[in-house]
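Undergrad: For reference, the structure I am asking about is given below.
The values are calculated or read from the model by the stated rules, or taken from the named source; none is laboratory data. Just so you know, these numbers come straight off a predicted model, no measurement behind them. So basically every Cβ, Gly included, is an ideal-geometry build from the backbone, and we count neighbours across all protein chains shown. Surface accessibility is based on the protein's heavy atoms, side chains included, excluding ligands, DNA and RNA. Shrake-Rupley method; radii C 1.70, N 1.55, O 1.52, S 1.80 Å.
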Amino acid sequence: MAARRAQCLNNLKQLSLGCLNFESARGTFPQGNAPGGTFPEGGNTSWMFQALAYTEQSGLYEKVVEAGSLTGAVSQGILPARLPLARCP
């Protein structure tokens, strides 16, 4: 039980650090479902996706960006992806 709790806390910490690192680099926190702008910072991407580049999951972020869009990433089988940061055991 304690190990699962520690893992969950680490996941939350990674998401928090990703948001803080995003803010340090860009001067603003990632927006939730940013409707304006263009992909990957806008185009209805979630705050979690935007912060992904600043976490341990930056490789997934890069693959999705290389696909050109969220739809492209889905058609290429990159998404949906199960993110360990978004799950607690």
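Undergrad: Ignoring ligands, DNA and RNA, what percent of the accessible area of the chain is carbon or sulfur (1.4 Å)?
TA: The C+S portion of the solvent-accessible surface of the chain is 54 percent.
Undergrad: Give me the accessible area per residue for the chain, probe 1.4 Å, as a whole number in Å².
TA: 63
Undergrad: Please give, to one decimal in nm, the separation of the simple spin-label points placed at Glu23 and Ser75, each 7 Å out from Cα toward the Cβ.
TA: Inter-label distance under the simple model: 3.7 nm.
Undergrad: Mind checking the angle between helix 2-26 and the chain's longest principal axis? C-alpha axes, 0 to 90 degrees, to the nearest 10.
TA: That works out to roughly 40 degrees.
Undergrad: Would you compute, from DSSP H runs of 4+ residues alone, the mean residue ellipticity of the chain at 222 nm, taking -39500 (n - 2.57) per run and dividing by the full residue count, rounded to the nearest 500?
TA: Details: 4 runs with 47 residues, N = 89.
Helix contribution divided over all residues of the chain: -16500 deg cm²/dmol.
Undergrad: With all protein chains present, calculate the accessible area of Met48 using a 1.4 Å probe and round the result to the nearest 10 Å².
TA: It works out to around 50 Å².
Undergrad: Once the piece of chain linking Cys8 and Arg87 is laid out straight, how much longer is it, given 0.36 nm per residue of separation minus the C-alpha distance between them?
TA: 27.7 nm
Undergrad: Along the stretch 58-68, what does the Karplus equation 6.51 cos²θ - 1.76 cosθ + 1.60 (θ = phi - 60°) give for ³J(HN,Hα), rounded to whole Hz, x for Gly and Pro?
TA: 4, x, 5, 4, 4, 4, 5, 4, 5, 5, x
Undergrad: What residues have an amide H closer than 5 Å to that of Thr45, excluding those fewer than 5 places away on the same chain, when H is modeled at 1.01 Å from N in the peptide plane?
TA: For Thr45, whose amide H was placed from the backbone, the distant partners under 5 Å are Ala34.
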